[in-house]
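What follows draws every value from the coordinates through simple rules; no lab data is involved. The model shown is predicted, which means the values in this text are computed figures rather than measured ones. Counting neighbours? That spans all protein chains shown, and the Cβs are built from the backbone with ideal geometry, glycine included.
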Amino acid sequence: MTSRYVGRFAPSPSGLLHAGSLVAALASWLDARANAGRWLVRIEDLDGPRNREGAAETILGQLESCGLVADATPLCQSARTAAYQEALDRLVAARRAYPCGCSRRDLELAAAPGHRRADRRQRRSRRPLVSAARVWFRSGSSERSGERRPSLSARNKVCRPV
């Protein structure tokens, strides 16, 4: 019987691997090995301005020099944007996500104790509100130009469609 356990490590290519990330990678690798599973690496390269040329290759080399080698070719998040767009399109088609103009701060405030809507809904549902139910996927250069477009939000108890 093969294990379905998959350990993952997802460094950001913004510079050299630091000690804390190395500890996280090692823990993930050890868990995968202890569970007869696989260990995968995914490069979190979606934050273009923070990415550094050659950092991903350097990080993979640093991991390898410590004996931490992925069981499959490392994936780059930026190479998967079409798959993410397809998933978002399915969520929108199923009415499980919708355009929302709320900022992260708006959601934090709306979900905070003492906020009228949050308190009322939390009493009714007897569950904590989730303010992190956002799907932050923005393409193009609107963020750099300062223009604020709606992002997609998963159905939740805090924000409403625009």
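Take every pair of alpha-carbon atoms less than 8 Å apart whose residues are at least six positions apart; their mean separation over the length of region 6-79 yields a relative contact order of 42 percent. Which residues in region 29-49 have a backbone N closer than 14 Å to a point placed 7 Å from the Cα of Tyr84 along the Cα-to-Cβ line? Correct set: 42-49. What residues have an amide H closer than 5 Å to that of Trp39, excluding those fewer than 5 places away on the same chain, when H is modeled at 1.01 Å from N in the peptide plane? Answer set, sorted by chain and number: Gly7, Asp71. Simple point charges give the picture: +1 on the Cβ of Lys and Arg, -1 on the Cβ of Asp and Glu, and for region 6-79 a dipole about the Cα centre of about 160 debye.
Each of Arg95, Arg50 has some number of other Cβ atoms within 10 Å of its Cβ, and from fewest to most they run Arg95, Arg50.
Highest mean first, what order results for 103-112, 39-48 on Cβ atoms within 10 Å?
Numbers: 103-112: 15.1, 39-48: 17.2.
In decreasing order of mean packing, 103-112, 39-48 become 39-48, 103-112.
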